[in-house]
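Step one of this worksheet: look at the structure below.
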């Protein structure tokens, strides 16, 4: 007793029960809410008949009406019958206008003893046209019973609360409902969004697909299928929250790499900084879309053949064998954003003077920066991340000089993130007004030789174009991914070695440099 089963549709098999409800958008006309009382014998409140719309194929649109009968106070269901339509005249009736529940299109059969039962009725079965709202007449009948205390049962006819269908005789009632369906994305975890790979000229939005050639779109969910792809290597952008396939609404969160040799496809997800994945779903095949268990095309990621549940991954890879010919790729992910707040590491006071000697070569980088007289943190404080000794250094000022082997005694060590702590002369020095986030990105994403790294840094310090493709690649990478970048565990921070203006030095200034420290 008390179990719940799915109903049967005498004219069309309803969609199976137990699928996740999308959103409640069914309202009882003139009453409000989404439930009516189930009356037994005209006056006894024996339970409820409730309505909700659900999204059975996870495409973002409600597509099915769920009708739930529930009894209370000891009443049990014996049988249920349900009808809805756009005209009362279409309800099965006798010549005198009395309804014939046995001829209603939705019936439970014998469910004696159950206290809850529901039908799932596809919108297509009764003419619901999304997004609505649409108005429908409803008649909800039930045969119900209640133990009488002597081993027998009191039996009654039940109807969903409403107006009488005929004024005399049969007390059967009808009411009306409004149904509205939405195309909102299914809810994700806080800070998370659905994301799809966008293949540029290879991409076709789901909204534009007409696979049955009826002149109308087949799907109401955004996302892209990418193809046809011949053997080759491809690089696609991954976009999150790009509703209606509008990139201006979305966020570029990563890159999808597809390496296909004609038989095997290696598909790699790679997230941008501060984004991570909780789930990935992938389709790769010769058709434009995956097919579900019924053999129908689907854009529901949960029905894609390849999937992983992840835990904050920034990288994921699938290797799909047994392929041939041109292929299509649909790549989905649930992508989350981590709000990263950089905590400046423990450093000596920016007003302190330390000693600095630079060694190395004017032709080969990086340089070696040796520090001396670096203050030590008080015993009650966390040790400073910088101390006396040799450090990897880089130049941040192409137009001035630091003399190799010369000892400079008035150097200030400045955080490249905590500008508010800088002394006044540093704040006023235009040489320090740089994109330090991108400079920090480069020293943590080096490519090529040390000279090529220095060339990429000079682009951001002095606007000089790198002479090699590798140097330019680092610049492009930093421009694409370095905006707002912070180092995390295991990465380095640029610690600025700033020497203020002194008339005793050539040109009055010492070349701006910085060292790499682990914060």
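Number of residues in the stretch 420-437 that are within 38 Å of the chain's Cα centre (by Cα), farther than 18 Å from residue 393 by Cβ and in contact (Cβ under 8 Å) with a residue 12 or more places away in the chain: the value is 3.
Considering each residue of the stretch 140-158 in turn, at least one proves to be touching a helix residue (DSSP H, G or I) at 6+ places or on another chain (Cβ under 8 Å), in a strand (DSSP E or B) and within 28 Å of residue 110 (Cβ to Cβ).
Restricting the stretch 235-281 to residues that are free of Cβ contacts under 8 Å to residues at least 24 places away in the same chain and assigned to a strand (DSSP E or B), the residue that is farthest from the chain's Cα centre (by Cα) is 235. Of all residues in the stretch 300-313, exactly one satisfies the criterion of being part of a loop (DSSP other than H, G, I, E, B) and either assigned by TED's automatic domain parsing to the domain that holds residue 56 or in contact (Cβ under 8 Å) with a residue 60 or more places away in the chain (or both), namely 300. Scan the stretch 487-505 and tell me whether some residue there is within 13 Å of residue 445 (Cβ to Cβ), at pLDDT 95 or above, surrounded by 16 or more Cβ atoms within 10 Å (Cβ to Cβ) and under 31 Å from the mean Cα position of the chain (by Cα). Checked against the condition, which is being within 13 Å of residue 445 (Cβ to Cβ), at pLDDT 95 or above, surrounded by 16 or more Cβ atoms within 10 Å (Cβ to Cβ) and under 31 Å from the mean Cα position of the chain (by Cα), the stretch 487-505 yields no hits at all. Of the residues making up the stretch 126-146, those that are under 23 Å from residue 38 (Cβ atoms) and touching a residue at least 60 places away in the same chain (Cβ under 8 Å) are 126, 135, 140, 141, 142, 143, 144, 145, 146. The residues of the stretch 205-216 that are under 24 Å from the mean Cα position of the chain (by Cα) and in a loop (DSSP other than H, G, I, E, B) amount to a single one, 209. Quick check: is even one residue across the stretch 298-306 at pLDDT below 90, closer than 27 Å to residue 55 by Cα and over 18 Å from the mean Cα position of the chain (by Cα)? Yes, the stretch 298-306 contains a residue that is at pLDDT below 90, closer than 27 Å to residue 55 by Cα and over 18 Å from the mean Cα position of the chain (by Cα).
Which one is surrounded by the fewest Cβ atoms within 10 Å (Cβ to Cβ), of the residues in the stretch 314-330 that are in contact (Cβ under 8 Å) with a residue 60 or more places away in the chain, in a strand (DSSP E or B) and more than 20 Å from the chain's Cα centre (by Cα)? Per the stated criteria, the residue is 328. Out of 508, 450, 484, 463, one residue alone is at positive phi and at pLDDT 85 or above. It is 463. What do you reckon, is residue 208 within 30 Å of residue 441 (Cα to Cα) and surrounded by fewer than 18 Cβ atoms within 10 Å (Cβ to Cβ)? In short, no. Of the strands (runs of 3 or more DSSP E) entirely within the stretch 14-96, those holding at least 3 residues that are surrounded by 19 or more Cβ atoms within 10 Å (Cβ to Cβ) and at pLDDT 70 or above occupy 35-40, 44-54, 64-71, 76-85.
The values are calculated or read from the model by the stated rules, or taken from the named source; none is laboratory data. Just so we're clear, the structure is a prediction, and the values are computed from it rather than from any experiment. Please note: Cβ atoms are built from the backbone with ideal geometry, for glycine as well, and neighbour counts cover all protein chains shown.
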